[in-house]
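See structure below.
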Amino acid sequence: MKLTVWTYEGPTHVGAMRIATAMEGLHYVLHAPQGDTYADLLFTMIQRDNKRPPVTYTTFQARDLGSDTATLFQQSMIDAYERFKPDAMIVGASCTAELIQDDPNGLSQALNLPIPVVPLELPSYQRKENWGASETLYHLIRALAGPHAPAPGSTRAPITEREAGVRPSCNLLGPTALGFRHRDDVREITTLLDQLGVDVHVVAPMGATPADLANIGAADFNVLMYPEVGDTAARWLERTFKQPTVRTVPIGVGATRDFVQEVAALTGLDPEPVLAGDPSRLPWYSRSIDSTYLTGKRVFIFGDATHAVAAARVAHEEMGFKVVGLGTYSREFAREVRAAAKLYDVEPLITDDYLEVEEAVNRLQPEMVLGTQMERHIAKRLGIGCAVISAPVHVQDFPASYSPQMGFEGANVLFDTWVHPLMMGLEEHLLGMFREDFEFNDDVAPSHLGGKTRVEASVKDPQPSPDGDTSWSEDAEKELGKIPFFVRGKARRNTEQYARDNGVTTITTEILYDAKAFFSR
């Protein structure tokens, strides 16, 4: 554990809160000191919920540590049960409360409440938020659905052998509170499955009740929307209820078509009517002038594993961009990201240190960054266009309008979100033509980045290139700054390559223009 200004994930109990807040009829009793109640703000201020999360804190204080905090915990459970009348409860300890070792599991069982109580053991000093959410969902489903599991050795009839006229059904696993566009993704995938002829049985945890989780085994199969949260539960349902899992994450046109094909193959349904009705605007983009001058743009991608891997495929196969960096903070899914990075011949970046990510973005000089709120701040500071594709999120990532990431409509949203920052870059080129005008001068940052004073690298002395074998004079660096930002990185790399090829160690304005003439031949 270390102190940091920013973090990609909170502690494990925040993951448990995401599950509790997403569900109905579930209450979370968290053994935590007074200061840990900050987590409420995540849901009321960022997610714009109109109610507090269903969490009761024991809120012990320093003076309580000399007395009986175990009794305080049990009394909090009794008070929460009598006040909220939940259908089930989960209990656990925050990272701070772990240190006093009060054993919420044993204390809760001793109360013998007349509802299911699921104890959580989430090691806050070894794991983080997404893992905490995944474990919470898994233990809830196991505790509530386990008593309804078929006997060991039982078999399940193939979905294709259902009675005539009976529609197959599935569960959607993974959408939570504080997820990136989870609410809209559920609506989009539910609509897509309905068009295909599949009913959604349970969405877990978003909107589910404890009774829904107890009956989750009745569906024919599961759709794993977000592996970081739903994979452990999906694997248990496969083993216990013999429910197969659809694992294609339908982000982008290609992945959505693959998703439809995978569901159709599993259920024996005809995918062609859905595929023929594909409302994607991708064919229009492919024929447009936009696709010509945006093709080959260099993008850096970072986020949770699900969205980062999906974004890389969309960027490479559908937008025609060049992936120059790919990484994740989801260490549990590092293997998947490493495999994807091989496809694009880039070095995977597996880290939860935002400073390391910033260094990579600065070194690679992409034309656009696809990342989290952290990368949005990094890109803004470096003057690079950016689109948010993944949690962690901020309030603007919970739009009032319908904005899914999944399905065919989600692909249209991706197109709008990703292409517009680059289009704004082209408009900045026009602004550059009028830079002498009082409204458009070099001291003003790009309008889409706030229009404030530009944060340029202030060059007082010749600056070394990233390779360390060439440096830039102050005049040359200023001249480079006159080039539109969306091609500035390429101009820098070409000039440095020209200097190395000609044995030049200090790049002057003359060398910059010599390089321009050389590469323009």
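The values are calculated or read from the model by the stated rules, or taken from the named source; none is laboratory data. Since the model is a prediction, treat every value here as computed from it, not as a measurement. All Cβ positions, even for glycine, are placed from backbone atoms using ideal geometry, and neighbour counts span all protein chains on display. Protein only, heavy atoms only, side chains kept; ligands, DNA and RNA dropped before computing areas. Shrake-Rupley method; radii C 1.70, N 1.55, O 1.52, S 1.80 Å.
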Problem set entry | Unit Cα scatterers, Debye sum, the stretch 359-414: log10 I(q)/I(0) for q = 0.20, 0.23, 0.24 Å⁻¹ | -0.77, -0.92, -0.96
For this session: Could you list which residues have their amide H under 5 Å from that of N171, counting only those 5 or more apart in sequence or on another chain, with H placed in the peptide plane?
Result: H201, V202, F221, N222, V223
For this session: Mind checking the stretch 102-179 for trypsin sites (Lys or Arg not before Pro) that DSSP puts in a loop (not H, G, I, E or B) and that have at most 15 other Cβ atoms within 10 Å?
Result: R156, R162
For this session: With an 8 Å cut-off on Cα pairs and a minimum separation of 6 or more residues, tell me the relative contact order of the chain in percent.
Result: 12
Seminar exercise, completed: Share of Cα-Cα pairs in the chain beyond 31 Å, whole percent, is 53
Seminar exercise, completed: Interchain or sequence-distant (5+) residues whose placed amide H lies within less than 5 Å of the amide H of L349 are L326, G327, T328
Problem set entry | Heavy atoms of W236 accessible to a 1.4 Å probe, total area in Å² rounded to 10 | 20
Exercise. So what does H420 come to for accessible area, using a 1.4 Å probe and Å² rounded to 10?
Worked result: 100
Seminar exercise, completed: Sorted by chain and then number, the residues having a modelled amide H within less than 5 Å of the amide H of H27, at least 5 places away or on another chain, are A88, M89, I90
Problem set entry | Accessible-area order (highest first, 1.4 angstrom probe) of the listed residues S169, S154 | S154, S169
Seminar exercise, completed: the stretch 146-209: relative contact order from alpha carbon pairs under 8 Å, six or more residues apart, as a whole percent, is 38
Exercise. Protein chains only, probe 1.4 Å: how do H377, H27 rank by accessible area, largest first?
Worked result: H377, H27
Exercise. Once Rh for the stretch 98-159 is found with the Kirkwood sum over Cα pairs, what is the Stokes-Einstein diffusion coefficient at 10 °C and 1.306 mPa s, in µm²/s?
Worked result: 110
Seminar exercise, completed: Counting only protein heavy atoms and rolling a 1.4 Å probe, one gets per residue an accessible area for the chain in Å² of 46
For this session: Once you've got the Cα coordinates, tell me which of K322/K482; K242/K322; K342/K380; K342/K478; K128/K490; K51/K242 are over 32 Å apart.
Result: K242/K322; K342/K478; K128/K490; K51/K242
For this session: Compare R18, R488 by solvent-accessible area with a 1.4 Å probe and give them largest first, with all protein chains kept in place.
Result: R488, R18
Seminar exercise, completed: Placing one equal point scatterer on each C-alpha of the stretch 320-360 and summing with Debye, one gets log10 I(q)/I(0) at q = 0.27, 0.31 Å⁻¹ equal to -0.93, -1.07
For this session: For the chain, with all protein chains present and a 1.4 Å probe, just round the carbon and sulfur fraction of the accessible area to a whole percent.
Result: 52
Exercise. Which whole-percent values make up P(r) of the stretch 88-222 when all C-alpha to C-alpha distances are grouped in 5 Å steps starting at zero?
Worked result: 2, 9, 15, 17, 17, 15, 11, 7, 4, 2, 1, 0
